[in-house]
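The values are calculated or read from the model by the stated rules, or taken from the named source; none is laboratory data. Quantities reported herein were computed from a predicted structural model and do not represent experimental measurements. Don't worry about glycine lacking a Cβ; one is built from the backbone with ideal geometry, like all the others, and counts go over all protein chains shown.
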Amino acid sequence: MHNIVLGDCLNVMPTLPDASADFVLTDPPYLVNYQDRFGRSIANDRDSDWLQPAFAEMYRVLRRNSFAVSFYGWSRVDLFMAAWRAAGFRVVGHLVFAKRYASSTRYVRYQHESAFLLAKGAPPVPSRPIPDVLPWQYTRNTLHPTQKPVTALSPLIQSFTKPGDLVLDPFAGSGSTNEAAFHTGRRSLGIEVDPTYHRAAVARMAALLGGHVRAAA
């Protein structure tokens with residue numbers, strides 16, 4: 001089952017049952033008002049009003065003794081950390097994805113992405129823990145201005161879930177988490193508010209599944 005819902009996650013997640021997801025893997029807006037070289041932007045990337053309620057819903061929907069991985073904007077880490085802790089998550093790890101290129105250059109060359117590993121309850125230690133520094137493959141951002149590589153997401157899903165588990169991504173973008181779940185034998189539920197990126201995600205998964213992807217709840 002691979003489902004990609006068009007809608008605001010603050011409206012969609014409350015319709016999901018408690019403890020119905022086995023893992024959350026998400027790349028929310030970084031709160032930096034980002035715009036790429038083509039003029040593409042990301043919804044809700046200016047204000048943080050959505051941040052705490054969104055992670056509170058993720059915590060509710062996530063099964064007890066399970067993990068979440070969230071990318072974040074390093075310059076707004078205080079807001080993200082406050083939202084995670086207010087929701088009930090424990091911070092149990094930090095992941096760095098090393099790039100061979102610089103996304104931007106100012107005071108330094110910015111050549112990494114980062115994410116925090118969050119826990120609900122006391123999940124078991126993975127049998128084969130992944131390293132906290134991982135490689136990054138450039139996607140060229142063809143489908144989304146901050147498109148994450150499937151090759152970076154797949155090891156996270158493999159480490160923190162079991163085959164058949166349900167992976168939730170409330171900020172699905174172009175569907176990279178959904179595709180990574182597909183390749184690792186997991187189910188997925190993505191939520192995306194932007195119709196353009198939602199269409200890209202549905203088309204992407206339909207190509208993998210022969211058209212068998214649900215585009216609504």
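Scanning region 60-86 for residues that are in a strand (DSSP E or B) and farther than 20 Å from residue 103 by Cβ gives 62, 63, 64, 65, 66, 67, 68.
Here region 125-171 is the region considered, the condition is being touching a His at 6+ places or on another chain (Cβ under 8 Å) and assigned to a loop (DSSP other than H, G, I, E, B), and the residue that is modelled with the lowest pLDDT is 136.
Among the residues of region 17-64, just one is modelled with pLDDT of 95 or more, on the phi > 0 side of the Ramachandran plot and either among the small types (Gly, Ala, Ser) or touching a strand residue (DSSP E or B) at 6+ places or on another chain (Cβ under 7 Å) (or both), namely 19.
Looking at 93, 7, 73 in this structure, which one is out of contact with any strand residue (DSSP E or B) (no Cβ under 8 Å at 6 or more places or on another chain) and not aliphatic (A, V, I, L, M)? So that I can check it myself, show each step before the final result.
On the way: 93 fails: out of contact with any strand residue (DSSP E or B) (no Cβ under 8 Å at 6 or more places or on another chain); 7 fails: out of contact with any strand residue (DSSP E or B) (no Cβ under 8 Å at 6 or more places or on another chain).
The unique qualifying residue is 73.
Would you confirm, using the coordinates I've provided, whether residue 54 is in contact (Cβ under 8 Å) with a residue 12 or more places away in the chain and either exposed (fewer than 14 other Cβ atoms within 10 Å of the Cβ) or more than 17 Å from residue 141 (Cα to Cα) (or both)?
Working: in contact (Cβ under 8 Å) with a residue 12 or more places away in the chain: yes; either exposed (fewer than 14 other Cβ atoms within 10 Å of the Cβ) or more than 17 Å from residue 141 (Cα to Cα) (or both): yes.
Answer is yes for this residue.
Scanning region 122-152 for residues that are in contact with a Ser or Thr (Cβ under 7 Å, 6 or more places away or on another chain) and free of Cβ contacts under 8 Å to residues at least 24 places away in the same chain gives a single hit, 137. Pairs meeting the criteria (first residue in region 165-176 and at positive phi, second residue charged (D, E, K, R), beta carbons under 9 Å, at least 6 apart or on different chains) are 173/27; 173/148; 173/192; 173/194; 175/169; 175/192; 175/204.
Might you let me know whether region 178-194 holds any residue that is surrounded by fewer than 19 Cβ atoms within 10 Å (Cβ to Cβ) and charged (D, E, K, R)? Step through it out loud before you land on a result.
Initially, region 178-194 is screened for residues surrounded by fewer than 19 Cβ atoms within 10 Å (Cβ to Cβ), giving 183, 185.
Still in the running and charged (D, E, K, R): none.
There is no residue in region 178-194 that is surrounded by fewer than 19 Cβ atoms within 10 Å (Cβ to Cβ) and charged (D, E, K, R).
Taken residue by residue, region 76-88 has at least one member that is surrounded by fewer than 21 Cβ atoms within 10 Å (Cβ to Cβ), without any contact (Cβ under 8 Å) to a residue 40 or more places away in the chain, more than 28 Å from residue 151 (Cβ to Cβ) and touching a Lys or Arg at 6+ places or on another chain (Cβ under 8 Å). The residue that is modelled with the lowest pLDDT, among those in region 81-114 that are among the polar types (S, T, N, Q) and farther than 28 Å from residue 67 by Cβ, is 104.
Of note, residue 48 satisfies the criterion of being within 29 Å of residue 139 (Cα to Cα), assigned to a loop (DSSP other than H, G, I, E, B) and of a type in the set (Ser, Thr, Tyr).
Taking residue 57 as the residue in question, decide whether it is among the charged types (D, E, K, R) and in a strand (DSSP E or B). So residue 57 fails the test. Of everything listed in (1) under 23 Å from residue 88 (Cα atoms); (2) outside any loop (DSSP other than H, G, I, E, B); (3) free of Cβ contacts under 8 Å to residues at least 40 places away in the same chain, the single unmet condition for residue 179 is (1).
Screening residue 119 against (1) within 18 Å of the chain's Cα centre (by Cα); (2) part of a helix (DSSP H, G or I); (3) under 26 Å from residue 15 (Cβ atoms); (4) without any contact (Cβ under 8 Å) to a residue 60 or more places away in the chain leaves a single unmet condition, (2).
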